[in-house]
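Here is the structure we will look at, set down as structure tokens.
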Amino acid sequence: RQKLAQVGLGEATELFFTIASIQITNTTNTLDNRGIIDPQWATVFEGEKTLDLLKYTKESALISEAFVDAGNYSQIRLYVSGPSIKIDNPEFQITGKVYPMYMHSNVFKIVRPFTVEAGRTTVITLDFNVPMLVTRTSQGYTLGPIFKPISNEITVKEEKFERSIRPDNLVPV
């Protein structure tokens, strides 16, 4: 359960969406002969995984394991679809009502540099601040900021491990 930030919205008991693709951009050695950055994108997940964000408060959902080139990365793009939210709001006698959600774009663009070292495992954890990501407009519920980039809504945690080691709290989805 997550109490939503906007007054009167109640509590979210489920927040589902489907991840279709995750890409990261490598900014190592990407300057062209004119000095313009030409990022190289790597797809680290492609498929379909549906998850309830509210289920992962003490555990982390393992979405993908991928080998990528060592180097500096600057952005993560998470392509999603089909968001929905289940709401309890005793103030309006609403219990367990599921609402579809609107998204301005089907992609969360998370701009946050990280480094992948050769021969090591890098784990990137995205922590969604659900109360800040969910708003209600006259058209219904919205997931993600409408007119501004993701900043405080998703926290990125980067951890380094010996090769093939990963955190204990990962749960495959």
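Cross-link pairs exceeding 27 Å between alpha carbons, from the set Lys49/Lys109; Lys49/Lys86; Lys86/Lys160: Lys86/Lys160. Around the amide H of Ser60, modelled in the peptide plane, lie the amide H atoms of Leu170, Val171, all under 5 Å away and 5 or more residues distant in sequence or on another chain. In region 66-131, taking the dipole from charged Cβ atoms about the Cα centre, the farthest positive-side position among Ile94, Ser74, Phe128 is held by Ser74. Relative contact order of the chain: 25 percent, from C-alpha pairs under 8 Å at least 6 residues apart in sequence. Distances between placed amide hydrogens fall under 5 Å for Tyr102 paired with Tyr141, Thr142, Leu143, all partners being 5 or more residues away or on another chain.
Taking a Cβ cut-off of under 10 Å around Ile110, the surrounding Lys, Arg, Asp and Glu residues balance to a net charge of +2, with basic ones at +1 and acidic ones at -1.
In angstrom, the C-alpha Rg and Dmax of region 36-141 are 17.3, 56.
Values in this text are rule-based calculations from the coordinates and carry no lab data. Every value quoted in this text rests on a predicted model; they were computed, and no experiment measured them. All Cβ positions, glycine included, derive from the backbone under ideal geometry; neighbour counts span all protein chains shown.
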